[in-house]
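Input: a single structure, listed below in structure tokens.
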Amino acid sequence: MLKTRSRDYKVIWPVYFERRVSRGGGRRGPSKLALDNVTVDRIVKACRELGLEYEVFEGAYPSMWWRRTGYVVVKADGVKKEELIRRIASAMKKR
């Protein structure tokens, strides 16, 4: 089990990559890397492809509490969250 309280672990929500969501609404990645219908499974496949250590949890993004999408905790090893989101988005976009 990953230590989710450590700075080396980042929480990644599917909403971070959603094309229909604005930056103010929760999207964290650039619009050119945004996708439709992002799921935890797509994030997991991208993490596997990138060789990242991860763990999946159930839950809802706080500002979208009615959508129980789940989230992924990724071991980032000193990588900033913004860079990690870009890497995952690029890997998902390639598929």
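Every number here is computed from the coordinates shown, using simple stated rules; none is lab data. Predicted, not measured: the structure shown is a model, and the values here were computed from it. We place every Cβ from the backbone using ideal geometry, glycine too, and count neighbours over all the protein chains shown.
With +1 on each Lys and Arg Cβ and -1 on each Asp and Glu Cβ, and nothing else charged, work out how big the dipole of the chain is about its Cα centre, in Debye to the nearest 20. Can you show the working numbers first?
Values: 23 positive and 11 negative charges, 69 e Å.
Its charge dipole is roughly 340 debye.
Within the chain, which is the longest segment containing none of the chymotrypsin sites (Phe, Trp or Tyr not before Pro) that sit in a DSSP loop and have at most 15 other Cβ atoms within 10 Å? Working shown, then result.
On the way: sites that count: Trp65, Trp66.
No qualifying site falls inside 1-64, the longest such stretch.
Take the Cα radius of gyration of the stretch 9-94 and divide it by 2.2 N^0.38 Å, with N its residue count; two decimals is plenty.
Values: Rg = 11.7 Å, N = 86, 2.2 N^0.38 = 12.0 Å.
Cα Rg divided by the expected 2.2 N^0.38 Å: 0.98.
Go ahead and estimate [θ] at 222 nm for the chain from helices alone: -39,500 (n - 2.57) per DSSP H run with n ≥ 4, summed, over the residue count, rounded to 500. Before the final figure, lay out each step's value.
On the way: 2 runs with 25 residues, N = 95.
Mean residue ellipticity, 222 nm, calculated: -8500 deg cm²/dmol.
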